[in-house]
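Peer 1: This structure is in structure tokens; I'll ask about it shortly.
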Amino acid sequence: MAQVSAALKPPVSAPSDAIPQWTRVELSDQTFDVLVRLVYTSCGVSLSRIKKTMLETRLRRRLQVTGLPDFESYLRLLQTPAGAAQEMQSFVDTVVTNETSFFRERAHFDHLNEAELKRLVQNGDGRTLRAWSAACSSGQEVYTLAMVLDAVASQSRQWDWQILATDISVKILTAAREAIYRTEDVAPVPAALQERYLLRSRDPDSDAVRVSPELRGRVTFGQINLMHAEYRVKTKMDIIFLRNVLIYFEPQVQHDVVAKLCRHLRPGGLLILGHSDTTRSGKLPLRLIRGNIYERLED
Ligand SMILES: C[S@@+](CC[C@H](N)C(=O)[O-])C[C@H]1O[C@@H](n2cnc3c(N)ncnc32)[C@H](O)[C@@H]1O
């Protein structure tokens, strides 16, 4: 019989104990339901059954990191006070969706033209325009707004600006503070703004771009869970961005979150929601101007 050369032999499958346990375990419907309640109580996000595979895939990474053998053990960890103190933030960081981009929904930034910004400043304290990005993700929304505000403010030199940027995820806030992106991420930024506000890496092999210290220095980052009743923001805002987060909440949570944000918005100020976000604005002191841009009315 002719000998089969080693190179032609069929691949030998790896012994099953060489495959890490966390890649094989499955998320049962029962455990999924309890995890869904935990996601809801921790960040207000409602996950339907169709999100089961997504949750399973994302939480597998936590099994790998924690070294736990299955989702049931992971759930038990989250249910103990010591385990929750250790793991709950990473759980939240893992389950939230952080999709974002520079100049996302450009019409919102087009609305913030010179005349509108001047109106907002005069409507406010006349000196500093204060904006809040209330679910800021990795910072693209924040720095887009920063570029738009700075480009106008530096021309007139009559007013200044500041941005508060918050999110529930500590991990994503670290990325936002760093403000380092890839060249392809900043492609939607107009060339003149790129030239003025983005710094290229000195390393010719790197495609990293960093937002200028001039803009970064005017942004204050912090963790705020919009679900928490007790969060405090000291100053009244002239603009609040709350985009592409309400979509993950139940109608009642949406209403409560927006009602609370309205208390931090100056009458005449703007609340800007994402294109797919909805809220029962009829019951709130808000007037729709256009394309999910609302003006705060007097109480
Ligand atoms: C899809 S991103 C939207 C980012 C940005 N606003 C935009 O439109 O591009 C949603 C963000 O909401 C944050 N988030 C989810 N639940 C939250 C909560 N209860 N409080 C604060 N932020 C939350 C997530 O961490 C995530 O960064």
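The values are calculated or read from the model by the stated rules, or taken from the named source; none is laboratory data. A quick note: this is a predicted structure, and the numbers were derived from the prediction, not measured. Positions of Cβ are backbone-derived with ideal geometry, glycine not excepted, and every protein chain shown enters the neighbour counts.
Peer 1: Pull out all pairs, ordered by first then second residue, where Cβ-Cβ is under 7 Å, the residues are six or more apart or on different chains, the first lies in region 242-264 and is within 16 Å of THR41 (Cβ to Cβ), and the second is part of a helix (DSSP H, G or I).
Peer 2: Note: pairs meeting the criteria are PHE249/VAL257; VAL257/LEU246.
Peer 1: Which one of these does LEU117 not meet: (1) within 16 Å of the ligand (Cβ to nearest atom); (2) buried (at least 20 other Cβ atoms within 10 Å of the Cβ)?
Peer 2: Result: LEU117 passes all but (1).
Peer 1: Is it the case that some residue within region 98-105 is more than 16 Å from the ligand (Cβ to nearest atom), at pLDDT 95 or above and in contact with a helix residue (DSSP H, G or I) (Cβ under 9 Å, 6 or more places away or on another chain)?
Peer 2: Within region 98-105, not a single residue is more than 16 Å from the ligand (Cβ to nearest atom), at pLDDT 95 or above and in contact with a helix residue (DSSP H, G or I) (Cβ under 9 Å, 6 or more places away or on another chain).
Peer 1: Turning to a different aspect of this structure: Test each condition in (1) within 16 Å of PHE109 (Cβ to Cβ); (2) within 14 Å of the ligand (Cβ to nearest atom); (3) of a type in the set (A, V, I, L, M, F, W, C) for TRP161 and report the one that comes out false.
Peer 2: (2)
Peer 1: To continue, here is another question. Out of THR100, THR94, report the one residue that is outside any helix (DSSP H, G or I) and among the polar types (S, T, N, Q). Before you say what the answer is, go through the steps one by one.
Peer 2: On the way: THR94 fails: outside any helix (DSSP H, G or I).
Within the list THR100, THR94, the selection yields THR100.
Peer 1: Name the residue, out of GLY124, GLY44, that is surrounded by 14 or more Cβ atoms within 10 Å (Cβ to Cβ) and in contact with a Leu (Cβ under 8 Å, 6 or more places away or on another chain).
Peer 2: Within the list GLY124, GLY44, the selection yields GLY44.
Peer 1: Could you check, for region 137-146, whether at least one of its residues is buried (at least 19 other Cβ atoms within 10 Å of the Cβ), free of Cβ contacts under 8 Å to residues at least 40 places away in the same chain and either more than 9 Å from the ligand (Cβ to nearest atom) or more than 25 Å from THR174 (Cα to Cα) (or both)?
Peer 2: Checked against the condition, which is being buried (at least 19 other Cβ atoms within 10 Å of the Cβ), free of Cβ contacts under 8 Å to residues at least 40 places away in the same chain and either more than 9 Å from the ligand (Cβ to nearest atom) or more than 25 Å from THR174 (Cα to Cα) (or both), region 137-146 yields no hits at all.
Peer 1: In region 26-73, how many residues are in a helix (DSSP H, G or I) and either in contact with a strand residue (DSSP E or B) (Cβ under 7 Å, 6 or more places away or on another chain) or polar (S, T, N, Q) (or both)? Before the answer, list the steps.
Peer 2: Here is the first cut: in region 26-73, the ones in a helix (DSSP H, G or I) are 29-43, 49-66, 71-73.
If we keep only those that are either in contact with a strand residue (DSSP E or B) (Cβ under 7 Å, 6 or more places away or on another chain) or polar (S, T, N, Q) (or both) as well, we get 30-31, 39, 41-42, 53, 57, 64, 66, 73.
Adding up the residues that qualify gives 10.
Peer 1: (1) of a type outside the set (Lys, Arg); (2) modelled with pLDDT of 95 or more; (3) closer than 21 Å to VAL253 by Cβ: which one isn't true of GLY44, the others all being true?
Peer 2: (2)
Peer 1: A further question follows. Name every residue in region 80-104 that is of a type in the set (Asp, Glu), buried (at least 18 other Cβ atoms within 10 Å of the Cβ) and in contact (Cβ under 8 Å) with a residue 40 or more places away in the chain, in order of residue number.
Peer 2: Listed by number, the list holds a single entry, ASP93.
Peer 1: Kindly evaluate GLU298 against the criterion of being in contact (Cβ under 8 Å) with a residue 60 or more places away in the chain and charged (D, E, K, R).
Peer 2: Criteria not met by GLU298.
Peer 1: Go through region 174-185 residue by residue and tally those that are surrounded by fewer than 22 Cβ atoms within 10 Å (Cβ to Cβ) and either aliphatic (A, V, I, L, M) or in contact with a helix residue (DSSP H, G or I) (Cβ under 6 Å, 6 or more places away or on another chain) (or both).
Peer 2: Residues flagged as surrounded by fewer than 22 Cβ atoms within 10 Å (Cβ to Cβ) and either aliphatic (A, V, I, L, M) or in contact with a helix residue (DSSP H, G or I) (Cβ under 6 Å, 6 or more places away or on another chain) (or both) within region 174-185 amount to 2.
Peer 1: Given (1) within 12 Å of the ligand (Cβ to nearest atom); (2) surrounded by fewer than 15 Cβ atoms within 10 Å (Cβ to Cβ); (3) touching a residue at least 60 places away in the same chain (Cβ under 8 Å), where does THR235 come up short, assuming only one miss?
Peer 2: Against the list (1) within 12 Å of the ligand (Cβ to nearest atom); (2) surrounded by fewer than 15 Cβ atoms within 10 Å (Cβ to Cβ); (3) touching a residue at least 60 places away in the same chain (Cβ under 8 Å), THR235 comes up short only on (1).
Peer 1: Still on this structure, I have one more. Does any residue of region 192-207 turn out to be in contact with a helix residue (DSSP H, G or I) (Cβ under 6 Å, 6 or more places away or on another chain), away from the ligand (no atom under 14 Å from the Cβ) and in the same structural domain as LEU261 (by TED's automatic domain parsing)?
Peer 2: yes
Peer 1: Condition first: away from the ligand (no atom under 12 Å from the Cβ) and under 20 Å from the mean Cα position of the chain (by Cα). Now tell me which residues in region 266-278 satisfy that.
Peer 2: LEU270, LEU271, THR278
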